[in-house]
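Colleague: Attaching a single structure in structure tokens format; questions to follow.
Values in this text are rule-based calculations from the coordinates and carry no lab data. For clarity, every value in this text was computed on a predicted model and none was experimentally measured. Every residue, glycine among them, receives a Cβ derived from its backbone with ideal geometry; neighbour counts consider all protein chains shown.
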Amino acid sequence: MINKIIENLIQGNRRFESGSITPIQYTQEDFLSFDKEQHPSVAVLTCSDSRLSPNIVFDQKLGELFVIQNAGAFLDDTTAASLSFAVEVLKCSTVIVMGHTHCGAVSAAHAHTIPTTTLASPVHQIERVIGSSESVTKAVATWTDYTYQKTCDLSFIKENNVVVAQAIYDIGSGHVDFIQDM
């Protein structure tokens, strides 16, 4: 579902893609205001890949997004607690679940390799979900959809009528493709 918040993110991504992002210069007053409170309207669950920064990709100022990043955009209890904080305390009305091309965690699962022992559990979970996807691109889409569905099923998401959307960020082009229900 595309709402005004998502439309704003789409417009920001178009600015990013075209190289015309909004130049932002923060002042000391800006940072002092951040010290007291935050009021993001959207939470973004995405991968911790260093090539992916939601504030930049969506051309949003500091404080406008509540960003949760971990390897593979994995939804576990800690991530769900962060989303719960975003929704129930900060009153975020929209959650974006965003996968991306060339994801290391999904690529490892697709290749049946474990890059580090601490990634074994998430990679095995991703393997179970993606099955024998014919490509990493398809595997990323399958994993993102799975995480999206799990996010939609969280009780606090339902109880607070939160809009949840899924998207795939293309690292090569900079484009974010918002996916309608698969």
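Colleague: Taking a ≥ b ≥ c as the square roots of the eigenvalues of the Cα gyration tensor of the chain, is the shape rounded (a/c under 1.5), prolate (a/b larger than b/c) or oblate?
Modeller: Judged from the Cα gyration tensor, the chain comes out prolate (a/c at least 1.5, a/b above b/c).
Colleague: Please list, ordered by chain and number, the residues whose modelled amide H lies under 5 Å from the amide H of A43; skip anything fewer than 5 residues away on the same chain.
Modeller: Amide H neighbours of A43, under 5 Å, 5+ apart: F66, T94, V95, I96.
Colleague: Same structure, new question: Residues with beta-carbon under 13 Å from that of G174, excluding G174: net charge, scoring Lys, Arg +1 and Asp, Glu -1?
Modeller: -1
Colleague: Can you work out the Karplus-derived ³J(HN,Hα) for every residue in the stretch 60-67? Use 6.51 cos²θ - 1.76 cosθ + 1.60 with θ = phi - 60°, whole Hz, and x for glycine or proline.
Modeller: These are the phi-based 3J(HN,Hα) values: 10, 6, 4, x, 8, 10, 9, 9 Hz.
Colleague: Additional query: Kindly write out, for the stretch 165-172 in residue order, the coupling ³J(HN,Hα) from the Karplus curve 6.51 cos²θ - 1.76 cosθ + 1.60 (θ = phi - 60°), rounded to whole Hz, with x marking Gly and Pro.
Modeller: Values, residue by residue: 10, 10, 8, 10, 9, 8, 4, x Hz.
Colleague: Each residue of the stretch 9-14 in turn: what ³J(HN,Hα) in whole Hz from Karplus with 6.51, -1.76, 1.60 and θ = phi - 60°, glycine and Pro shown as x?
Modeller: Result, rounded to whole Hz: 5, 4, 5, x, 5, 4.
Colleague: Write out the chymotrypsin sites (Phe, Trp or Tyr not before Pro) in the stretch 31-68 meeting two conditions: DSSP loop, and at most 14 other Cβ atoms within 10 Å of their Cβ.
Modeller: Loop-located and lightly packed - none at all.
Colleague: Just want to confirm a number: the relative contact order over the stretch 97-182, from Cα pairs under 8 angstrom separated by 6+ residues, in percent.
Modeller: For the stretch 97-182, the relative contact order is 35 percent.
Colleague: Excluding H102 itself, calculate the net charge of residues whose Cβ lies under 15 Å from the Cβ of H102, where each Lys or Arg counts +1 and each Asp or Glu counts -1.
Modeller: -1
Colleague: Tell me, how many Å apart are the Cα centres for the stretch 124-182 and for the stretch 1-55?
Modeller: Value for the Cα centre distance between the two parts: 20 Å.
Colleague: Using amide H atoms built 1.01 Å from N in the peptide plane, name the residues 5+ places from H100, or on other chains, whose amide H lies under 5 Å from its own.
Modeller: Hits under the 5 Å cutoff: Y169.
Colleague: With charges only on Cβ, +1 for K and R and -1 for D and E, what is the dipole size of the chain about its Cα centre, in debye, rounded to 20?
Modeller: 140
Colleague: Right, something else. Near the amide H of Q166, under 5 Å away, which other amide H atoms are found, from residues 5 or more places off or on another chain, if H is placed in the peptide plane?
Modeller: Under 5 Å from the amide H of Q166: V97, I179.
Colleague: To continue, here is another question. Do any trypsin sites (Lys or Arg not before Pro) in the stretch 66-163 lie in a loop, going by DSSP, with at most 14 other beta-carbon atoms within 10 Å of their beta carbon, and if so which?
Modeller: Listed in order of number, the matching sites are K91.
Colleague: Follow-up question, since we're still on this one. Report, ordered by chain and residue number, the lysines lying within cross-link reach of K150, taken as a straight Cα distance under 30 Å and ignoring same-chain residues fewer than 8 apart.
Modeller: In chain and number order, the partners are K4, K61, K91, K138, K158.
Colleague: Here's another thing I want to ask about it. Exposed loop sites here are GluC sites (Glu not before Pro) in DSSP loop states with at most 11 other C-beta atoms within 10 Å. What is the longest stretch of the chain lacking them?
Modeller: 38-133
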